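Shown next, in structure tokens, is the structure this report addresses.
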Amino acid sequence: MYELLPFWSAFFKSLDFEVIVSPFSSHELYLKAQHTIPSDTVCYPAKLSHGHIQYLLDEGCTNIFYPCMTYNIDEHLGDNNYNCPVVAYYPEVIQANVPEVKDITFIYDYIGIHRPKDFVGKMQAILGKYFDRISKKEVKTALDAAYEEHALFLEKTRTKAAEIVSKARAAGKPILVVAGRPYHLDPEVNHGIDKLVTECGAALITEDSVSHLVTPFKTNVLNQWTYHSRLYAAARYVTTQPDMDLVQLVSFGCGVDAIVADEVRSILRAGKKIYTQIKIDEITNLGAVKIRLRSLFAVLAERQ
């Protein structure tokens, strides 16, 4: 999960671990460990995780940290703060299907960063299974550093978005909130859609840069997953901004996307906004995406 890389990097650096992060995804990275993927029906980001693990193994890493996380950090936007089940438990799949991880220290324990008070004792016990004794005080210090880094990451993201919005308004540019899941930040997954949007003359910001500006509201669906809560909140925020519109990225046939899309559409239409969805599975030809975006901008220009 890209959004939690700053959190975990800061945590382990505070404990004096050397932190090595796998690179951005690529098709070559995917092919590295394609033979270990147990099911072709799983989403592409899950398949890519096999390549990331293989990269770290090839780099000679003897300790790989890939925790199971049922919950995400509570952003107080929904009824609960679950992670996607694939995100939450895919480390179990890696452990069972990548033979080489049995020859190293592969840490895939269940961890909950959404409960800081419980985290310290549980994380100390988990680390104690693999490394020399680490005190509760050290874990607490590391956790404080991790949350501080996470807060800084959010602040930078939101500040940059506000700067982009300000410049776009001064230049009279349309503003698109391109909303998806954290894996859409990966160039291998988004296929350069961010550049397409800006080449069309619009400013682009992400859903997590504006979702915090909305107070919780009632939805027509059970709003229990962190990523979806951000989508709904971003859609609601867009309806309050006359110069903003939202494009939802959908990938890999995720089972709940139809429900999520209906709810996002409902929120936008209630606010007199156009709903645009772009599906971008493992394609590399963005011709259809260009047509969809140009059509959206043409409609927006006509309305204006």
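Observations on the model:
- Residue, farthest from residue 277 (Cα to Cα), within segment 220-266, restricted to residues that are of a type in the set (D, E, K, R) and in contact with a Ser or Thr (Cβ under 8 Å, 6 or more places away or on another chain): 230
- Residues being within 19 Å of residue 61 (Cβ to Cβ), of a type outside the set (D, E, K, R) and outside any helix (DSSP H, G or I) - total across segment 77-110: 6
- Residue in segment 176-185 that is basic (Lys, Arg), modelled with pLDDT under 95, over 19 Å from residue 53 (Cβ atoms) and surrounded by fewer than 19 Cβ atoms within 10 Å (Cβ to Cβ) present: no
- Segment 33-67, residues that are buried (at least 20 other Cβ atoms within 10 Å of the Cβ) and among the β-branched types (Val, Ile, Thr): 53, 64
- When residue 40 is tested against (1) farther than 19 Å from residue 191 by Cβ; (2) acidic (Asp, Glu); (3) over 21 Å from the mean Cα position of the chain (by Cα); (4) part of a helix (DSSP H, G or I), exactly one condition is not met: (4).
- Scope segment 9-42; condition touching a residue at least 60 places away in the same chain (Cβ under 8 Å) and among the small types (Gly, Ala, Ser); matching residues: 9, 10, 14, 25, 26, 33
- Here 6, 45 are screened, and the one residue that is more than 24 Å from residue 279 (Cα to Cα), within 20 Å of the chain's Cα centre (by Cα) and either assigned to a helix (DSSP H, G or I) or without any contact (Cβ under 8 Å) to a residue 60 or more places away in the chain (or both) is 6.
- Counted as qualifying within segment 189-304 are no strands (runs of 3 or more DSSP E), as none has 2 or more residues that are touching a residue at least 24 places away in the same chain (Cβ under 8 Å) and loosely packed, with under 15 Cβ neighbours inside 10 Å.
- Verdict on residue 145 being within 26 Å of the chain's Cα centre (by Cα) and within 30 Å of residue 297 (Cβ to Cβ): no
The values are calculated or read from the model by the stated rules, or taken from the named source; none is laboratory data. Keep in mind the model is a prediction, meaning the values are calculated, not measured. For neighbour counting, all protein chains shown are included, and Cβ atoms are generated from backbone atoms with ideal geometry for every residue, glycine included.
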